[in-house]
Every structure is written in C-alpha cells, then in structure tokens.
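Have a look at the structure below, then the notes.
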Amino acid sequence: MKTILSVVGARPNFMKVAPLYRALKAYSGSIDHRIVHTGQHYDRAMSKVFFEDLELPHPDFYLGIGSGSHAEQTAKIMVEFEKVLGAHPADMVIVVGDVNSTLACSLVSVKQGIPVAHVEAGLRSFDRAMPEEINRLLTDAVAQMLFVTEPSGVANLRREGVDEAKIHHVGNVMIDSLVHYRPKAEHSRVLESLEIRAGKFALVTLHRPSNVDDAGSLGRIVQALSKLAERLPVVFPVHPRTRKMIENFNLTKATSSAPRLTITEPFGYFDFLKLMMNAALVLTDSGGIQEETTFLGVPCLTLRDSTERPITVEIGTNTLCGSDVAVALRSASEILDGKARKGRIPELWDGKAGERIARSIAGALT
Ligand code: UD1
C-alpha cells in the first residue's frame, strides 16, 4: 500500500482536490489517500462550507496555521507539516495551485526525499510582485510530477529547462469540479434570495493586494462599482482581506450608498457557481474565476495587468483590463450593449483531468 498526502490550505484549493479525491478512490486497493488541511483559510465561509459542498471527508490532519505575514505563514506550515510527515511517512505529496501552503509543503516534502506532484503547474504571470508567482516558480522547481492545465504552462516549463518526462498536460481539475457539481448548483436559490434575475446582474470578486490593500485603488474600484450599479444590480461577495480594507479605509459608507450594489459574505461553492453561470458579466482579480467563466462562456473582466492563464484571453471570454477600473467600466458597457466576445473551451477542460492525474500517479507509484 502506498500513502499519498494531498494538501489544501486556502479556498481555491478545495475544488481542485475534490476531483483528485474522487479519482484516487478507484485505486484504494493500492493507494491510501489522506488529506492535510493547513488551516491557511479558517473561517467557516472560506473553508468548512467547501468541504461540505464538495463532499470532501474531514481532513486527516488539520494544522491550524491561520493568518500571518508570508514568512510566518509559510514557516509555520513547514514546521507543522514536517511533524505530520515524521509521524506518517508518505510516498508522495500532492500540492495544488499557488498559495503559501503549496510552496511550504513542497519544500518540506522534497527535503525528506518525498516526491511532490504539483497540480496546476507551469502557469506564469511573469510578475514577481505577486506572491503566487514566487510560489509557482519555486514549487515547480522542486516537484517531480508537473500536471499542467493549458499549453502555455507546458511552454513555460520547457523554457525553464524542466525534463520533458515530468510534464503532463492533463487539463483542469477545477473544471472537473464545475462539471461535476453544475447540476447541483442549478438548484441553488441564491438568485431568488438576492432578488436578481438570470442574465441581469454583474458579479464581482476582489482580493488581490494590488487592488485592495491601497486606499486610492480600492476607493476608485468602489466608485466604479457604484457607477456600474446604476446600469444593473451588482453582487459583490467580499473576501475577508477586502472587508478588512474597506473598513480600514473608511469605505463602508461608499459601499452602502449605492442601492443596487449588494455587498455580501463569501458564498459557498454551489451558490457562487449559480451566480457565475447566470451573470451578465463577472469582474474579478481571481485566477480561477478567469477559467471558470471561460468554461461557462460568461464574459469576464479581469482587473489585473497580467494573467498566468493566457488561454482564457486567447480563446476564452476573459479580457485583461489592467488596474485602471475606468477601462473595465468601458468594457462592461460594451458587453451590456451586446458586444461580448464569444469564447471556446480549452482542450482537455472536459471534467476528466482528475482521472488522468490519478492514472499517472498510480502508474508512477505502483
Ligand atoms: C490567498 C492566496 C491567494 C488566493 C486566495 C484565495 C497566498 C499567498 N495567497 O490569499 O493566492 O487567491 O487565498 O482566497 O497564499 N482571512 C480571514 N479568514 C480566512 C482567511 C483569511 O479572515 O478564512 C484574512 C486573514 O486574516 C488575512 C487575509 O484574510 O489577513 C488574507 O488571507 P491570506 O490567506 O493570507 O491570503 P489571501 O489574500 O486570502
């Protein structure tokens, strides 16, 4: 029997590990698959709700790390994860995405001689001011198996001199979750509870430090959202970081003065999917949402200068608007005037990436 530990830490990790969990069950005769939750995200709305919605089992190990500076968070995860590996030796560690938990657990594993499989490898924004870019580069440098979502990831890894045998273009596990849970999400009553109609509202998510940690930038964004809300209802589920900043910068009044701008707590997976599926447009700085909207064919305006997911712009429905929210507002008007670009679904985003990954891992281990 081989033991695999999969690491989750922050909200975007849960929907990536759920399909792997399902797919690895097919190998339960030869693989004992355990889940480690670092506790990087810990609020119920940022974590537990997703375990429930995605039918993930209670984590086998919970490290309870919580918030902190990057160094504190990364270091604490390393110390605690090393103890887990000491007590429960593993044959492989699976990490997903680009959060601090991804890098911390990769470093600990390779130093113990345990091979790391990185799911969502090879993505590059080429912006080293993003903590996630550092996490991606370093994780890929030490991982043994690199599972890639889109062709740019393969090209990036080749350019970095990665051995061809380590690179596996398998598609997108986050889309696996979307495909699997879409029918359930259809039943969500979130549109009714927000009193909005399908196709007649905009959905907003923002949490990048570059957008929300600066008073001027967040103030301009809030102003623009109020403006957009003159045209259609705007639903804005607020990430804890963003909520804190709205309070710190005294923007609470500005966010509550626009009648059709609805600020809410973060949604669970099904409600959020339902909102995304039915939005007229999505305005975001998230990585995953650029991909989910491309799959769903919903126009996405990304408030960033770069994206590590270029396929969403090349063939999908995503438009990079930079940090100037006026550009995003103009693009939003065009979309609402019926000029939205039609996109295509990237190759291998078919709901079966988890199965392909499980097959490769089982082949490598057994
Ligand atoms: C992290 C990831 C980012 C990912 C995002 C998704 C890193 C470097 N960043 O950013 O890539 O897109 O998660 O959400 O790993 N907080 C709470 N409750 C929680 C979680 C966080 O209150 O459950 C607060 C913390 O106190 C902290 C802030 O939110 O001040 C930021 O949390 P943190 O996990 O450090 O980074 P994110 O901005 O969420």
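See the values below:
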{"read-out": "In Hz, Karplus ³J(HN,Hα) per residue of the range 292-304 (6.51, -1.76, 1.60; θ = phi - 60°; x = Gly, Pro)", "value": "4, 5, 4, 4, 7, x, 9, x, 10, 10, 9, 7, 8"}
{"read-out": "Mean ellipticity per residue at 222 nm, deg cm²/dmol - from DSSP H runs of n ≥ 4 across the chain, formula -39500 (n - 2.57)", "value": "-13500 deg cm²/dmol"}
{"read-out": "The range 1-85, accessible surface, carbon-and-sulfur percent (1.4 angstrom probe)", "value": "53 percent"}
{"read-out": "Rh (Kirkwood; distinct C-alpha pairs) - the range 182-339, Å", "value": "15.6 Å"}
{"read-out": "Low-density loop positions, trypsin sites (Lys or Arg not before Pro), the range 115-170 - DSSP coil, at most 15 other Cβ in 10 Å", "value": "Arg128"}
{"read-out": "Kirkwood Rh and Cα Rg combined as Rg/Rh, the range 267-366", "value": "1.07"}
{"read-out": "Extreme residue, positive dipole direction of the range 182-339, given options Thr293, Pro259, Ala279 (C-beta unit charges)", "value": "Pro259"}
{"read-out": "Of Leu178, Ala198, Ile134, farthest towards positive along the dipole that unit charges on Lys, Arg, Asp, Glu beta carbons give the range 73-202", "value": "Ala198"}
{"read-out": "Kirkwood-Stokes translational diffusion coefficient of the range 119-274, alpha-carbon pairs, 37 °C, 0.692 mPa s, µm²/s", "value": "179 µm²/s"}
{"read-out": "Degrees, to the nearest 10: 325-334 long Cα axis against longest axis of the chain", "value": "70 degrees"}
{"read-out": "Enclosed volume per residue, in Å³, of the convex hull spanned by Cα atoms of the chain", "value": "122 Å³"}
{"read-out": "Centre separation in Å (Cα based) which lies between the range 248-269 and the range 138-168", "value": "40 Å"}
{"read-out": "Accessible area of the range 1-64 divided out per residue, in Å², using a probe of 1.4 angstrom", "value": "39 Å²"}
{"read-out": "Only Lys, Arg (+1) and Asp, Glu (-1) charged, at Cβ; the chain dipole about Cα centre in debye", "value": "520 debye"}
{"read-out": "Degrees separating the helix 215-231 axis from the principal Cα axis of the chain, which is the longest one", "value": "60 degrees"}
{"read-out": "Given the chain, longest segment not containing exposed loop GluC sites (Glu not before Pro) (DSSP; at most 16 other Cβ within 10 Å)", "value": "196-346"}
{"read-out": "Carbon/sulfur fraction of accessible area - the range 313-366, other protein chains in place, 1.4 Å, %", "value": "49 percent"}
{"read-out": "Environment charge of Ile94, counting only residues whose C-beta is closer than 15 Å and scoring Lys/Arg +1, Asp/Glu -1", "value": "0"}
{"read-out": "Where the range 182-339 is the region considered: accessible area per residue in Å², 1.4 Å probe", "value": "42 Å²"}
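The values are calculated or read from the model by the stated rules, or taken from the named source; none is laboratory data. All figures in this text were calculated on a predicted structure; none of them were measured in a lab. Note that we place each Cβ from the backbone using ideal geometry, even for glycine, and neighbour counts take in every protein chain shown. Ligands, DNA and RNA are stripped out before the accessible areas are found, and what is left, the full protein with its side chains, is counted by its heavy atoms. Shrake-Rupley method; radii C 1.70, N 1.55, O 1.52, S 1.80 Å.
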